[in-house]
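Colleague: Input: one structure, supplied below.
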Amino acid sequence: GPETREEKLNDSDASERKLIGIFILFFIIIPAVSVLVYVYKYGSGTKRLEPVITERGPIKTDINFQEILTENTNVAGNESQRNYDYPVLAYITPWNSKGYEMAKRFNSKFTHLSPVWYDLKSHGNSLILEGRHNADKGWISELRMRGNALILPRIVLEAFPTELLKKKKQMDKAIDLMVTECKEMEYDGIVLESWSRWAAYGVLHNPDLRNMAFKFIKQLGHALHSVTSTRNPKQQLQLVYVVGPPHSDALQQHDFGPADLQSLSGSVDGFSLMTYDFSGPNNPGPNAPLNWIRFTLRLLLGSTGNNAQRLAPKIFLGINFYGNDFILSEGSGGAGAILGRDYLSLLEKHRPQLQWEKNSGEHFFVYFDDNNVRHAVFYPSLMSIYMRLEEARFWGTGISIWEIGQGLDYFFDLL
């Protein structure tokens, strides 16, 4: 029979409730879940960036080339005042002398300074530590008169991995060479780089060799910790270990993952995490996308629980002070790293319009060279560095800078 008025109203109410349910599902619940998934995979949690330094004009996304040319040499803050209380490790290379000057000028901004001086190499059936000729004792003395930054020279382990790891005498000899150099040169420890070379030689793909490699790092750490600093008897020599970031959440055998971080944390004082060089000639783009940095930290540390809080301070989050100039024209792909002086020259010559890439949190510009070849330049800005410093603060990590001779003077205002 025909519906009564009351039945029609009930049907109408049901239809409205259904429409409201659909609206809530598609416009509230699904977007909310999407945000949570994104935050879990790439984010470090929702947070508000609170300024920790006095505002300066260029610390913004809408900068222009003239502001950079005018401001880059102006250091507004106190050269010895730190804006962050976490550890700051800075690399210095002998082929870029500006880094030596920046280390002296801003000495109090750093907790660790790592001059790139040494290589441990195979020499016949033995080993040799090369690089003492690079060491500048006068420079070290000046640093120690100006501040308290620890001096930990970098040593690249170039010795044949299988020989070094399989033979106990070779392993003991390598460790003795490094510890002895620290004693004789009065260093505060070392920064060791070996992971990428071990990966290239297939060491990390072999479970037995991988275990031997970890045994070597732990033994080296214990040997350094058994020696006290000549300057501070209460302080042991330190070991900072260089590691590369995983490239996907499906970890490969050669990747440094959370289990490795946990395993070595008792023997290593810090991990220099190379969160840069994300893009290359075949995939031009940002140097170190912020969402990739967040993803890497979440992968290594997990959630912000007790384990993350314990391990995070041992990570020195990598920040690049250099940039890349990519060739974009078809068939002529390529790239070259650029330093501060190169960047300023390009700005002065081409007067480009700088663009902010919000997903990566980096500035870039496009220009045509004298041969009408198109280029894209990604180079750090005050805003991009500031965002990464704040990311480290949020996670509770330190930072490592590659390298301080490559940046602009006013970058140091942020540290």
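The values are calculated or read from the model by the stated rules, or taken from the named source; none is laboratory data. Keep in mind that this is a model prediction, so the values were computed, not measured. Note that each Cβ is placed from the backbone with ideal geometry, even for glycine, and that neighbours are counted across all protein chains shown. Accessible surface is based on the protein model in full, side chains and every heavy atom, while ligands, DNA and RNA are left aside. Shrake-Rupley method; radii C 1.70, N 1.55, O 1.52, S 1.80 Å.
Colleague: Within the stretch 82-111, take every residue that is within 13 Å of residue 143 (Cα to Cα) and among the polar types (S, T, N, Q) and give me the one that is modelled with the highest pLDDT.
Modeller: The extreme case among them is 111.
Colleague: Search the stretch 271-292 for residues that are free of Cβ contacts under 8 Å to residues at least 60 places away in the same chain and farther than 17 Å from residue 358 by Cα and pair each with any residue that is hydroxyl-bearing (Ser, Thr, Tyr) and not in a strand (DSSP E or B) when their beta-carbon atoms are under 6 Å apart and the residues are at least 6 apart or on different chains.
Modeller: What qualifies is 275/296.
Colleague: Could you list all residues from the stretch 226-241 that are modelled with pLDDT of 90 or more and farther than 13 Å from residue 265 by Cα? Break it down stepwise before answering.
Modeller: We begin by selecting, within the stretch 226-241, every residue modelled with pLDDT of 90 or more; these are 226-228, 235-241.
Across the stretch 226-241, the qualifying residues are 226, 227, 228, 235, 236, 237.
Colleague: To continue, here is another question. If I ask for residues that are assigned to a helix (DSSP H, G or I), open to solvent by less than 40 Å² (accessible area, probe 1.4 Å) and touching a Pro at 6+ places or on another chain (Cβ under 9 Å), which ones from the stretch 184-211 would you list?
Modeller: First, pick out the residues of the stretch 184-211 that are assigned to a helix (DSSP H, G or I): 184-185, 195-200, 203-205, 207-211.
If we keep only those that are open to solvent by less than 40 Å² (accessible area, probe 1.4 Å) as well, we get 185, 195, 198-199, 203-204, 209.
185, 198, 203, 209, listed by residue number.
Colleague: Do we have residue 85 as open to solvent by 40 Å² or more (accessible area, probe 1.4 Å), without any contact (Cβ under 8 Å) to a residue 40 or more places away in the chain and closer than 21 Å to residue 271 by Cα here? Outline the logic, then answer.
Modeller: Details: open to solvent by 40 Å² or more (accessible area, probe 1.4 Å): yes; without any contact (Cβ under 8 Å) to a residue 40 or more places away in the chain: yes; closer than 21 Å to residue 271 by Cα: yes.
Answer is yes for this residue.
Colleague: Can you name the strands (runs of 3 or more DSSP E) wholly within the stretch 62-136 that have at least 3 residues being over 27 Å from residue 316 (Cα atoms) and either of a type outside the set (Lys, Arg) or within 25 Å of the chain's Cα centre (by Cα) (or both)? Steps first, please.
Modeller: On the way: elements: 88-92, 112-123, 126-130.
Per the criteria, 126-130.
Colleague: Restricted to the stretch 154-178, and to residues that are aliphatic (A, V, I, L, M), in a helix (DSSP H, G or I) and in contact with a strand residue (DSSP E or B) (Cβ under 9 Å, 6 or more places away or on another chain), which residue is surrounded by the fewest Cβ atoms within 10 Å (Cβ to Cβ)?
Modeller: Kept after step one, since they are aliphatic (A, V, I, L, M), are these residues of the stretch 154-178: 155-157, 159, 164-165, 171, 174-175, 177-178.
From the residues that got through so far, the ones that are in a helix (DSSP H, G or I) too are 164-165, 171, 174-175, 177-178.
Among the residues that remain, those that are also in contact with a strand residue (DSSP E or B) (Cβ under 9 Å, 6 or more places away or on another chain) are: 164, 174, 177-178.
Working: 164: 23, 174: 22, 177: 15, 178: 24.
It comes out as 177.
Colleague: Would you call residue 114 closer than 30 Å to residue 170 by Cβ, among the polar types (S, T, N, Q) and modelled with pLDDT of 95 or more? Show your work before the answer.
Modeller: On the way: closer than 30 Å to residue 170 by Cβ: yes; among the polar types (S, T, N, Q): yes; modelled with pLDDT of 95 or more: yes.
When the stated conditions are applied, residue 114 passes them.
Colleague: Applying the selection to the stretch 363-375, what residues are open to solvent by 10 Å² or more (accessible area, probe 1.4 Å), not β-branched (Val, Ile, Thr) and not in a loop (DSSP other than H, G, I, E, B)?
Modeller: Initial filter on the stretch 363-375 (open to solvent by 10 Å² or more (accessible area, probe 1.4 Å)): 364, 366-375.
Checking which are not β-branched (Val, Ile, Thr) leaves us with 364, 367-372, 374-375.
364, 367, 368, 374, 375 - these are the residues of the stretch 363-375 that are open to solvent by 10 Å² or more (accessible area, probe 1.4 Å), not β-branched (Val, Ile, Thr) and not in a loop (DSSP other than H, G, I, E, B).
For every residue, the table says whether it meets (1) without any contact (Cβ under 8 Å) to a residue 12 or more places away in the chain; (2) aromatic (Phe, Trp, Tyr); (3) under 28 Å from residue 395 (Cα atoms).
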{"residue": "315", "(1), (2), (3)": "no, no, yes"}
{"residue": "320", "(1), (2), (3)": "no, no, yes"}
{"residue": "323", "(1), (2), (3)": "no, no, yes"}
{"residue": "326", "(1), (2), (3)": "no, yes, no"}
{"residue": "337", "(1), (2), (3)": "no, no, no"}
{"residue": "341", "(1), (2), (3)": "yes, no, no"}
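Colleague: Which one is farthest from the chain's Cα centre (by Cα), of the residues in the stretch 325-362 that are of a type in the set (Lys, Arg) and not in a helix (DSSP H, G or I)? Please lay out each step first, then the result.
Modeller: Step one: filter the stretch 325-362 for residues of a type in the set (Lys, Arg), giving 341, 349, 351, 358.
From the residues that got through so far, the ones that are not in a helix (DSSP H, G or I) too are 351, 358.
Details: 351: 30, 358: 19 Å.
Looking at the filtered set, the residue picked out is 351.
Colleague: Something else now. Where in the stretch 234-324 are there strands (runs of 3 or more DSSP E), lying wholly inside it, with at least 3 residues that are under 11 Å from the mean Cα position of the chain (by Cα)? Talk me through it step by step, then tell me what you get.
Modeller: Details: elements: 238-243, 270-273, 315-320.
In the stretch 234-324, the matching strands (runs of 3 or more DSSP E) lie at 270-273, 315-320.
Colleague: Something else now. Given (1) modelled with pLDDT of 95 or more; (2) open to solvent by 20 Å² or more (accessible area, probe 1.4 Å); (3) not hydrophobic (A, V, I, L, M, F, W, C), where does residue 298 come up short, assuming only one miss?
Modeller: It fails just one condition, (1).
Colleague: Still on this structure, I have one more. For residue 181, which of the numbered conditions (1) assigned to a helix (DSSP H, G or I); (2) open to solvent by less than 70 Å² (accessible area, probe 1.4 Å); (3) out of contact with any Pro (no Cβ under 9 Å at 6 or more places or on another chain) fails to hold?
Modeller: All conditions pass for residue 181, except number (3).
Colleague: Give all pairs with beta carbons closer than 7 Å in which a residue from the stretch 212-233 that is more than 20 Å from residue 183 (Cβ to Cβ) meets a residue that is open to solvent by 80 Å² or more (accessible area, probe 1.4 Å) and outside any loop (DSSP other than H, G, I, E, B); count only pairs at least 6 apart in sequence or on separate chains.
Modeller: 212/166
Colleague: Of all residues in the stretch 215-238, which are open to solvent by less than 20 Å² (accessible area, probe 1.4 Å) and in contact with a Ser or Thr (Cβ under 7 Å, 6 or more places away or on another chain)?
Modeller: 217, 221, 237
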